[in-house]
1. Counting only other residues whose beta carbon sits under 10 Å from that of Pro77, what net charge do I get with K and R as +1, D and E as -1?
2. Report, in whole Å, the centroid distance computed from the Cα atoms of segment 104-127 and segment 14-66.
3. What percentages make up the Cα-Cα pair-distance distribution of the chain when the bins are 5 Å wide from 0?
4. Less than 14 Å Cβ to Cβ from Ala106, Lys/Arg counted +1 and Asp/Glu -1: what total charge do the surrounding residues give?
5. When Lys and Arg each count +1 and Asp and Glu each count -1, what net charge do the other residues less than 15 Å away from Ala2, Cβ to Cβ, add up to?
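None of the figures in this text is laboratory data; all of them are computed from the coordinates on show. Predicted model only: the values in this text are computed from it and were never measured. Note: ideal-geometry Cβ built from the backbone for every residue, glycine included; neighbour counts use all protein chains shown.
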Amino acid sequence: MARIIYIEDDPLAGEVVTGILNDAGHHCGTIPDGKLALDTVRFKKPEMVIVDLQLPGLSGCEILRKLRVEPGIYWMPILVLTGAIDDHAHQQALEAGANAVLTKHATAQELVDRVNCVLHSNALARK
């Protein structure tokens, strides 16, 4: 399955999401800091990034914009996983380069399904 980096500053949220995705067969790790996450993504080149919108230092939208212009990884699928439920925040994330947005209120199965869907869609688009 896929190597995934989850950029999330809340340790409990990070633990829950990585546990769900690892149980589903993916290899997921959490990075709590936006700047460190950018360097890690550049170095490790995971198959997917999941990012929260509310982060210290760099916001999720800033991270999206930076990744979308980064040579060699601009194509990487990115899912925004956020506590924001308003359409405006979701629209901003999509405009910044997210492939999809999911709220943190989603069930474990919805998370796994969305991750798999985004990975599959990205793989088809790259062929």
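1. 0
2. That distance is 15 Å.
3. Going out from 0 Å in 5 Å bins, the chain shows 2, 12, 24, 27, 22, 11, 2, 0 percent.
4. -1
5. +2
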